[in-house]
Amino acid sequence: MAAITLEQVVKRFGRDEVIHGIDLRIAHDEFVVLVGPSGCGKSTTLRMIAGLEDLSDGTIRIGDQVVNDLPPRKRNLAMVFQNYALYPHMNVRQNLGFGLTIAGEPKEVVAERVQDTAALLGLSDLLDRLPAELSGGERQRVAMGRALVRRPEAFLFDEPLSNLDAKLRVQMRGEIKRLHTAVRTTIVYVTHDQVEAMTLADRIVVMQDGRIEQIGQPMTLFDHPVNTFVAGFIGTPPMNLIPARIAGDEIAFNDGQQIPLPDRFTALVTEGQSVIFGLRPDHLCPDKKQRETGTSLVEIPLKVHMIEPHGAEMLLHARLAGQPVLGKMYAPRPVAPGDQLTFQLALDKIHLFDAASGRSVTAR
Ligand SMILES: Nc1ncnc2c1ncn2[C@@H]1O[C@H](COP(=O)(O)OP(=O)(O)OP(=O)(O)O)[C@@H](O)[C@H]1O
Ligand SMILES: [Mg+2]
């Protein structure tokens, strides 16, 4: 297990710069998830850590060692891809031990490490089974076990679950999280799925266009996104983001509607400033749920034009100042498209971003 450090890492393909100098410190026992839209540079970053891509500039360290010029096999990292084919004709014990055996480790060492690894991953009772006799989750555990017996410094995962169906994904997610809890090894995990990122990560790194937008614990990113990109990317459904203007003690929308400017923002904005008003659908509700939590609310009438039932709750599509907004109803009752409802808007939950820079007015 080793810390991994990236300093001012740049990657160019020919003249095309795709990673623009990123800094990242990953602790030796940390589960870090790189997340961002397609093409933002997640895989390239992971491949540079693995040694599968050269750096154009900057430094990568594993532990205290600069590894810029170290070939992949000398970095002692385990890379787990989507496809984790096991040897079909070998049982679990043989699959786990194979790498060590061909590396010339003595039989007793192989047997001991296989046993330890199997115990750690809950595979002890399955050692004599063939891969075909395992569930998907068990197969993945064997694949991770094969990497783990080598005692790698870190695991690198690139979208390991992206070709699985929804149910198996959730199961595998659990397996990976359990593995990390059991071994507390360094994990760098790439996904474009923010739900996966939220559920797995100690810390999430949100990337866009070859840059890091924000690094933080899942709930920190959710509660305190530093800019509109992170606000819109983390959380499902995404945060409502609506242009507005500061007018005295009010936040004024383009259609003339106003809501009070909460005190906590007064010192952070200027009169007339163009802002982006942000509010999660969870805090725009036409029922009383929010009232019970003691937040201060303002009422705002909105016309609903589409309804999405989600079982226990209902998503309501409406418009505010000509922009689409989503609200949430926690105690679903009959609503029809075209209905005008009084929504309660939780003032404590508002985010404000500067319209020009996209940065949160509360971000330092
Ligand atoms: N070998 C290459 N040659 C030229 N450009 C490349 C190469 N590999 C990646 N790129 C470019 O670098 C950028 C980052 O690609 P990367 O594969 O890291 O994205 P990603 O975040 O992993 O995306 P995805 O979610 O689609 O896997 C993209 O613009 C891509 O087109
Ligand atoms: Mg990728």
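Tell me yes or no: at least one residue of region 121-128 is under 29 Å from the mean Cα position of the chain (by Cα) and under 26 Å from Leu34 (Cα atoms). Within region 121-128, one or more residues are under 29 Å from the mean Cα position of the chain (by Cα) and under 26 Å from Leu34 (Cα atoms). If you go through region 339-360 and keep only what is part of a strand (DSSP E or B), within 21 Å of Asp223 (Cβ to Cβ) and either of a type in the set (A, V, I, L, M) or free of Cβ contacts under 8 Å to residues at least 40 places away in the same chain (or both), you end up with Leu345, Ala346, Leu352.
Candidates Ala363, Ala336: the one that is aliphatic (A, V, I, L, M), assigned to a loop (DSSP other than H, G, I, E, B) and open to solvent by 40 Å² or more (accessible area, probe 1.4 Å) is Ala336. Here is the figure for region 216-231: residues that are part of a helix (DSSP H, G or I) and small (Gly, Ala, Ser) total 1. Taking the residues in region 164-201 that are charged (D, E, K, R) and either assigned to a loop (DSSP other than H, G, I, E, B) or in contact with a His (Cβ under 9 Å, 6 or more places away or on another chain) (or both) as candidates, determine which candidate is surrounded by the fewest Cβ atoms within 10 Å (Cβ to Cβ). The extreme case among them is Asp165.
Is it the case, given these coordinates, that Thr191 is of a type in the set (S, T, N, Q), more than 16 Å from ligand 1 (Cβ to nearest atom) and either touching a strand residue (DSSP E or B) at 6+ places or on another chain (Cβ under 9 Å) or not assigned by TED's automatic domain parsing to the domain that holds Leu156 (or both)? Considered against the rule, which asks whether it is of a type in the set (S, T, N, Q), more than 16 Å from ligand 1 (Cβ to nearest atom) and either touching a strand residue (DSSP E or B) at 6+ places or on another chain (Cβ under 9 Å) or not assigned by TED's automatic domain parsing to the domain that holds Leu156 (or both), Thr191 comes out as no. Being part of a helix (DSSP H, G or I) and open to solvent by 10 Å² or more (accessible area, probe 1.4 Å) holds for only one residue in Thr295, Thr270, Thr266, and it is Thr266.
Within region 82-117, the set of residues being under 32 Å from the mean Cα position of the chain (by Cα) and open to solvent by 90 Å² or more (accessible area, probe 1.4 Å) comprises just one member, Asn83.
Taking Ile19, is it in the same structural domain as Ile215 (by TED's automatic domain parsing), crowded, with 16+ Cβ neighbours inside 10 Å, more than 11 Å from ligand 1 (Cβ to nearest atom) and not in a loop (DSSP other than H, G, I, E, B)? Here the answer is no, as Ile19 does not meet what is asked. Checked against (1) within 16 Å of ligand 2 (Cβ to nearest atom); (2) at pLDDT below 95, Thr45 meets all criteria but (2).
I'd like to check something: does region 78-87 contain any residue that is out of contact with any Asp or Glu (no Cβ under 9 Å at 6 or more places or on another chain), among the small types (Gly, Ala, Ser) and over 30 Å from Met207 (Cβ atoms)? Among the residues of region 78-87, not one is out of contact with any Asp or Glu (no Cβ under 9 Å at 6 or more places or on another chain), among the small types (Gly, Ala, Ser) and over 30 Å from Met207 (Cβ atoms), which makes the answer no.
One line per residue, one yes/no per condition, for (1) without any contact (Cβ under 8 Å) to a residue 24 or more places away in the chain; (2) farther than 22 Å from Ala231 by Cβ; (3) touching a helix residue (DSSP H, G or I) at 6+ places or on another chain (Cβ under 7 Å):
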residue	(1), (2), (3)
Ala147	no, yes, no
Ser162	no, yes, no
Val170	yes, yes, no
Glu175	no, yes, yes
Glu196	no, no, yes
Thr199	no, no, yes
Val206	no, no, yes
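Just for region 1-16: of the residues that are touching a His at 6+ places or on another chain (Cβ under 8 Å) and assigned to a loop (DSSP other than H, G, I, E, B), which one is farthest from ligand 1 (Cβ to nearest atom)? Among those residues, the one meeting the criterion is Met1. For region 118-125, the criterion of being open to solvent by less than 50 Å² (accessible area, probe 1.4 Å) and within 27 Å of Ile4 (Cα to Cα) is met by at least one residue.
Between Ala118, Ala132, Ala111, Ala78, the distinction of being of a type in the set (Gly, Ala, Ser), in contact (Cβ under 8 Å) with a residue 40 or more places away in the chain and assigned to a helix (DSSP H, G or I) belongs to Ala132 only. Total residues in region 344-360 satisfying the condition of being within 17 Å of Pro260 (Cα to Cα) and open to solvent by less than 40 Å² (accessible area, probe 1.4 Å): the figure is 8.
Residue count for region 232-249 satisfying the condition of being out of contact with any Leu (no Cβ under 7 Å at 6 or more places or on another chain) and assigned to a helix (DSSP H, G or I): 1. For region 22-42, how many residues are within 15 Å of the chain's Cα centre (by Cα), in a strand (DSSP E or B) and within 16 Å of ligand 2 (Cβ to nearest atom)? Summing the residues that are within 15 Å of the chain's Cα centre (by Cα), in a strand (DSSP E or B) and within 16 Å of ligand 2 (Cβ to nearest atom) in region 22-42 gives 4. Within region 49-71, being within 16 Å of ligand 1 (Cβ to nearest atom) and either open to solvent by 50 Å² or more (accessible area, probe 1.4 Å) or in contact (Cβ under 8 Å) with a residue 40 or more places away in the chain (or both) holds for Ile49, Ala50, Leu52, Glu53, Asp54, Leu55, Ser56, Asp57, Gly58, Ile60.
The values are calculated or read from the model by the stated rules, or taken from the named source; none is laboratory data. Because the structure is a prediction, the values reported are computed rather than measured. So basically every Cβ, Gly included, is an ideal-geometry build from the backbone, and we count neighbours across all protein chains shown. Just the protein is used for accessible areas: all its heavy atoms, side chains included, with ligands, DNA and RNA removed. Shrake-Rupley method; radii C 1.70, N 1.55, O 1.52, S 1.80 Å.
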